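Asker: Input: one structure, supplied below.
The values are calculated or read from the model by the stated rules, or taken from the named source; none is laboratory data. Keep in mind the model is a prediction, meaning the values are calculated, not measured. Quick reminder, even Gly has a Cβ in these numbers, built from the backbone with ideal geometry, and neighbours come from all protein chains shown.
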Amino acid sequence: MNVLITGNSSGLGLGLTKQLLAQEAIVWGMSRSGCPIQGDDGLRDREVDLGNLNAIPEAMDRLLSDCLRLDLLVLNAGILGRIQEFNTTDVHDVEHLFRINVWANKVILDWFIERQIPVEQVVAISSGAGHNLSHGWGAYAMSKSSLDDLVALYAHEMPDTHLTSLAPGLVDTEMQDYLCGDVDSDEFPSVQKLKDARGTDAMPSAEQSAEQILGLLESLKEGESGRFVDVRNLDD
């Protein structure tokens with residue numbers, strides 16, 4: 001299995017990388033600080049700042065020089081930004097967040113289209129925040145909503161590829177350190193459910209969530225390409 005994962009230096013991306021390497025997949029990784037896994041012949045990794053859109057195509061040319069096809073592309077890289085009133089959020093911070101959470105993914109998909117490298121399945125890691133639009137989540141929520149739209153649009157332009165925008169639910173990553181430790185849940189009530197869930201089965205580890213996502217890949221392809229799926233709603 002040939003897989004490319006963005007943002008595989010930590011969190012869910014690292015969890016997916018570990019799970020896939022254990023399954024003897026070939027994993028290409030792209031992240032700003034690089035994947036910490038060492039000594040695995042199945043991993044081909046490259047450091048690249050996905051906020052620098054102009055640097056992405058050359059980095060992919062170098063990283064994927066021997067890649068003829070992909071079974072899976074996981075567009076996982078993303079940043080949260082600060083939980084705050086949207087009117088106090090600097091527009092340049094919003095632009096930076098959109099570069100990483102949305103436009104870098106466009107550049108990556110365009111690269112595969114232009115080079116005519118087949119990709120069987122694309123999973124873009126989204127968030128329920130893009131649909132809930134809770135107080136304080138401004139730029140992040142907007143970016144994830146835009147990511148969902150991006151995936152829906154590319155489903156028309158990549159007819160031989162199945163695309164899904166996937167919200168993985170609550171995942172215990174470094175992002176939760178900030179959300180559960182630094183954000184005032186009295187001011188931003190939506191954060192309280194994260195604090196209540198941390199340390200329980202409602203917020204699995206990154207590797208547990210990665211295992212769940214990989215187990216869903218085949219069933220995701222049974223649905224319409226371009227749709228948004230929240231793993232928490234799959235049993236409804």
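Asker: Could you count how many residues in the range 161-189 are within 20 Å of T17 (Cα to Cα), modelled with pLDDT under 95 and among the hydroxyl-bearing types (S, T, Y)?
Answerer: Of the residues in the range 161-189, 1 are within 20 Å of T17 (Cα to Cα), modelled with pLDDT under 95 and among the hydroxyl-bearing types (S, T, Y).
Asker: OK, next. State the number of residues belonging to the range 154-189 that are part of a strand (DSSP E or B) and either of a type in the set (A, V, I, L, M) or free of Cβ contacts under 8 Å to residues at least 12 places away in the same chain (or both). Can you show your working first?
Answerer: Step one: filter the range 154-189 for residues part of a strand (DSSP E or B), giving 162-167, 172.
Next, from what is left, pick out any that are either of a type in the set (A, V, I, L, M) or free of Cβ contacts under 8 Å to residues at least 12 places away in the same chain (or both): 163, 166-167.
Of the residues in the range 154-189, 3 are part of a strand (DSSP E or B) and either of a type in the set (A, V, I, L, M) or free of Cβ contacts under 8 Å to residues at least 12 places away in the same chain (or both).
Asker: Further, regarding this structure: When you go through (1) over 21 Å from I83 (Cα atoms); (2) of a type outside the set (D, E, K, R); (3) part of a helix (DSSP H, G or I) one by one for H131, which number turns out not to apply?
Answerer: (1)
Asker: Out of all the residues in the range 190-207, which are free of Cβ contacts under 8 Å to residues at least 40 places away in the same chain and either among the hydroxyl-bearing types (S, T, Y) or under 24 Å from K18 (Cα atoms) (or both)?
Answerer: If we filter the range 190-207 for residues that are free of Cβ contacts under 8 Å to residues at least 40 places away in the same chain, which is where we start, we get 192-204.
Hits for the range 190-207 are R198, G199, T200, D201, A202, M203, P204.
Asker: Let me ask another. Just name the residue that is surrounded by the fewest Cβ atoms within 10 Å (Cβ to Cβ) out of those in the range 33-44 that are out of contact with any helix residue (DSSP H, G or I) (no Cβ under 8 Å at 6 or more places or on another chain) and either touching a residue at least 24 places away in the same chain (Cβ under 8 Å) or among the small types (G, A, S) (or both).
Answerer: At the first step, the residues of the range 33-44 found to be out of contact with any helix residue (DSSP H, G or I) (no Cβ under 8 Å at 6 or more places or on another chain) are 33-34, 38-39, 41.
Checking the rest, the ones that are also either touching a residue at least 24 places away in the same chain (Cβ under 8 Å) or among the small types (G, A, S) (or both) come to 33-34, 39.
Values: S33: 10, G34: 14, G39: 5.
Ranking the candidates gives G39 first.
Asker: Quick check: is even one residue across the range 67-85 polar (S, T, N, Q) and free of Cβ contacts under 8 Å to residues at least 40 places away in the same chain?
Answerer: Of the range 67-85, the ones polar (S, T, N, Q) are 76, 84.
Imposing the further condition that a residue be free of Cβ contacts under 8 Å to residues at least 40 places away in the same chain reduces the set to none.
No, the range 67-85 has no match at all.
Asker: Any residue that is touching a Lys or Arg at 6+ places or on another chain (Cβ under 6 Å) and outside any helix (DSSP H, G or I) - is there at least one of those in the range 35-54?
Answerer: Yes: the range 35-54 contains one or more residues that are touching a Lys or Arg at 6+ places or on another chain (Cβ under 6 Å) and outside any helix (DSSP H, G or I).
Asker: Could you list, in sequence order, the residues of the range 57-88 that are among the small types (G, A, S), surrounded by 13 or more Cβ atoms within 10 Å (Cβ to Cβ) and part of a loop (DSSP other than H, G, I, E, B)?
Answerer: Residues of the range 57-88 among the small types (G, A, S): 59, 65, 77-78, 81.
Still in the running and surrounded by 13 or more Cβ atoms within 10 Å (Cβ to Cβ): 59, 77-78, 81.
A77, G78, G81, listed by residue number.
Asker: Looking at S190, S165 in this structure, which one is of a type outside the set (F, W, Y), within 26 Å of D149 (Cα to Cα) and more than 21 Å from the chain's Cα centre (by Cα)? Walk me through it before giving the result.
Answerer: Working: S165 fails: more than 21 Å from the chain's Cα centre (by Cα).
None of the others qualify; the one that does is S190.
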